[in-house]
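Undergrad: Sharing a structure here in structure tokens format.
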Amino acid sequence: MKFFIDTANLKQIKEAQDLGVLDGVTTNPSLMAKEGITGRDNILQHYKDICAIVTGDVSAEVISTEFSEMVKEGEALAALHEQIVVKVPMIKDGIKAIKYFSDKGIRTNCTLVFSSGQALLAAKAGATYVSPFIGRLDDISSDGLNLIAEIRHIYDNYAFQTEILAASVRHTMHVIDCAKIGADVMTGPLSSIEGLLKHPLTDSGLAKFLADYKKGNN
Ligand code: E4P
């Protein structure tokens, strides 16, 4: 299972990279705005800065919603760095753009996916990744994890190569449940990765080991 961090915050990206388990980064326009990154040139530079920190894939989202504009924007993003994956929204022109990019060997991440039908379409168009937003489904009393399971089932039926990137992961249990279901990738905040470390028996066990060592070596 690949671990992506879902942020545009360079400090957090570096912290996750230093942990040694990071496989990539996802961003979106809201995450960019949260870090105060505005203006096309600054945004493009920020993607390059992220690519310089991590070794894996970095999703960079197009803002256009019309096919030819998406293509122009996506090609410029892909040309920035070999790690860039063009993030395209799940709309009609987005599907056309994914097919176009796929035919040209440009990797894509189909974003804002909320149903298995959308995920099927993204795979048919040749998306590299499909991003079902599980947290946002949970937010409206729908079952985000069930969507991951449905997509896993459908993709396995036909051996689609599109990777299931569980997005809008909010906490550690989302990560564990996605791993049980067989999501290929999860993207979440640093806290969702660091939460995997925690167990009180680890902490109390280590404290006792260290105390016993100290007793015997004083
Ligand atoms: C996915 O790539 C998105 O950036 C992200 O996971 C959205 O998460 P949110 O619902 O917590 O905003």
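We did not get these values from a lab; they are worked out from the coordinates using the rules stated. Because the structure is predicted, anything quoted here is derived from the model rather than measured. Reconstructed Cβ throughout: ideal geometry from the backbone, glycine too, with neighbour counts over all protein chains shown.
Undergrad: Out of Gly126, Gln17, Ala60, whose Cα points farthest toward the positive end of the dipole of the stretch 1-129 (charges: +1 Lys, Arg; -1 Asp, Glu; placed on Cβ)?
TA: Positive-end residue among those listed: Gly126.
Undergrad: Using only Cα atoms and rounding to the nearest 10 degrees, what angle (0 to 90) does helix 200-216 make with the longest principal axis of the chain?
TA: 40 degrees
Undergrad: Still on this structure, please answer the following. Considering the dipole of the chain built from charges on the beta carbon (Lys and Arg +1, Asp and Glu -1) around the Cα centre, which of Cys178, Leu210, Tyr155 is farthest to its positive end?
TA: Leu210
Undergrad: How much length, in nm to one decimal, is gained on full extension between Ile53 and Lys180, taken as 0.36 nm per residue of separation minus their Cα-Cα distance?
TA: That pair, Ile53 and Lys180, stretches by 42.8 nm at full extension.
Undergrad: Can you compute the charge dipole magnitude of the chain about its Cα centre, using +1 on each Lys and Arg Cβ and -1 on each Asp and Glu Cβ, nothing else charged? Give it in debye, rounded to the nearest 20.
TA: About 260 debye.
Undergrad: Next up: Over all directions, the average projected area of the alpha-carbon convex hull for the chain comes to how many nm²?
TA: Average of the hull's projected areas for the chain equals 14.4 nm².
Undergrad: Sorted by mean Cβ packing within 10 Å, highest first, what order do the peptides 128-134, 40-46, 10-16 take?
TA: In decreasing order of mean packing, 128-134, 40-46, 10-16 become 128-134, 10-16, 40-46.
Undergrad: In addition: Karplus couplings for the stretch 31-42 from phi (6.51 cos²θ - 1.76 cosθ + 1.60, θ = phi - 60°), rounded to Hz, Gly and Pro as x?
TA: Each residue's phi maps through the Karplus curve to give 5, 4, 4, 4, 8, x, 8, 10, x, 3, 4, 5 Hz.
Undergrad: Can you compute the modelled spin-label distance between Lys92 and Glu15, with each label point 7 Å from Cα toward Cβ, in nm?
TA: Going from the Lys92 label point to the Glu15 one covers 4.4 nm.
Undergrad: What is the percent of Cα-Cα separations in the stretch 130-218 that go past 18 Å?
TA: I get 54 percent for the Cα pairs in the stretch 130-218 exceeding 18 Å.
Undergrad: Can you list residues from other chains, or at least 5 along the same chain, whose modelled amide H is less than 5 Å from the amide H of Ser59?
TA: Val25, Thr26, Thr27, Val85
Undergrad: Let me have the relative contact order for the stretch 168-208, percent, based on Cα pairs under 8 Å that are six or more residues apart.
TA: Reported relative contact order: 45 percent.
Undergrad: Rounded to the nearest 0.05, what FRET efficiency is calculated for Leu201 and His171 with R0 set to 25 Å and r the Cβ-Cβ distance?
TA: Efficiency, from the Cβ-Cβ distance: 0.80.
Undergrad: So, R0 is 25 Å and r is the distance between the beta-carbons of Ser68 and Ser30; what FRET efficiency does that work out to, to 0.05?
TA: So the FRET efficiency works out to roughly 0.50.
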